[in-house]
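Beneath this line is the structure, given in structure tokens, with notes to follow.
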């Protein structure tokens, strides 16, 4: 198969859709940890929320902003954008979908965060 020139790497474009659906699961009441655990049990090396925290949630935010202009018909959960608006970009800020202690990349649940207490 040949891939044409387009936005992002093939793997990133596939992961974007996993993230979209994962966001809808959280909208419906699942916690990011529940979604990550299910997908890791399925065989993914890392769930989409842990991966977003590792890459930087602001990266996905920039892509969603661009997609809103290019493809306004594609729906996204608004929760990830609200997370970024609060400055929760993941490991680099110590807060994202999870909490991170300085010098440690282990994802810890955030008991004070609405998205992690479901």
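The values are calculated or read from the model by the stated rules, or taken from the named source; none is laboratory data. Nothing here was measured: the structure is a model prediction, and the numbers come from that model. All Cβ positions, even for glycine, are placed from backbone atoms using ideal geometry, and neighbour counts span all protein chains on display.
Before we move on, is residue 83 closer than 11 Å to residue 32 by Cβ and buried (at least 19 other Cβ atoms within 10 Å of the Cβ)?
yes
Go through the stretch 27-50 and count every residue that is part of a loop (DSSP other than H, G, I, E, B), more than 20 Å from residue 61 (Cβ to Cβ) and either touching a helix residue (DSSP H, G or I) at 6+ places or on another chain (Cβ under 9 Å) or touching a residue at least 60 places away in the same chain (Cβ under 8 Å) (or both).
Residues meeting the conditions: 5.
Mind checking whether some residue in the stretch 44-61 is more than 17 Å from residue 16 (Cα to Cα) and either surrounded by 12 or more Cβ atoms within 10 Å (Cβ to Cβ) or touching a strand residue (DSSP E or B) at 6+ places or on another chain (Cβ under 7 Å) (or both)? Quick ask: steps written out before the conclusion?
Pass one, the stretch 44-61, residues more than 17 Å from residue 16 (Cα to Cα): none.
Scanning the stretch 44-61, I find no residue that is more than 17 Å from residue 16 (Cα to Cα) and either surrounded by 12 or more Cβ atoms within 10 Å (Cβ to Cβ) or touching a strand residue (DSSP E or B) at 6+ places or on another chain (Cβ under 7 Å) (or both), so the answer is no.
Please pick out the residue among 95, 37, 41 that is surrounded by fewer than 18 Cβ atoms within 10 Å (Cβ to Cβ), under 16 Å from residue 109 (Cα atoms) and at pLDDT 95 or above.
Values: 95 fails: surrounded by fewer than 18 Cβ atoms within 10 Å (Cβ to Cβ); 41 fails: under 16 Å from residue 109 (Cα atoms).
37 is the lone residue from the list that is surrounded by fewer than 18 Cβ atoms within 10 Å (Cβ to Cβ), under 16 Å from residue 109 (Cα atoms) and at pLDDT 95 or above.
Take residue 22 and decide whether it is surrounded by fewer than 17 Cβ atoms within 10 Å (Cβ to Cβ) and either under 16 Å from residue 107 (Cβ atoms) or at pLDDT 90 or above (or both).
Values: surrounded by fewer than 17 Cβ atoms within 10 Å (Cβ to Cβ): no; either under 16 Å from residue 107 (Cβ atoms) or at pLDDT 90 or above (or both): yes.
Considered against the rule, which asks whether it is surrounded by fewer than 17 Cβ atoms within 10 Å (Cβ to Cβ) and either under 16 Å from residue 107 (Cβ atoms) or at pLDDT 90 or above (or both), residue 22 comes out as no.
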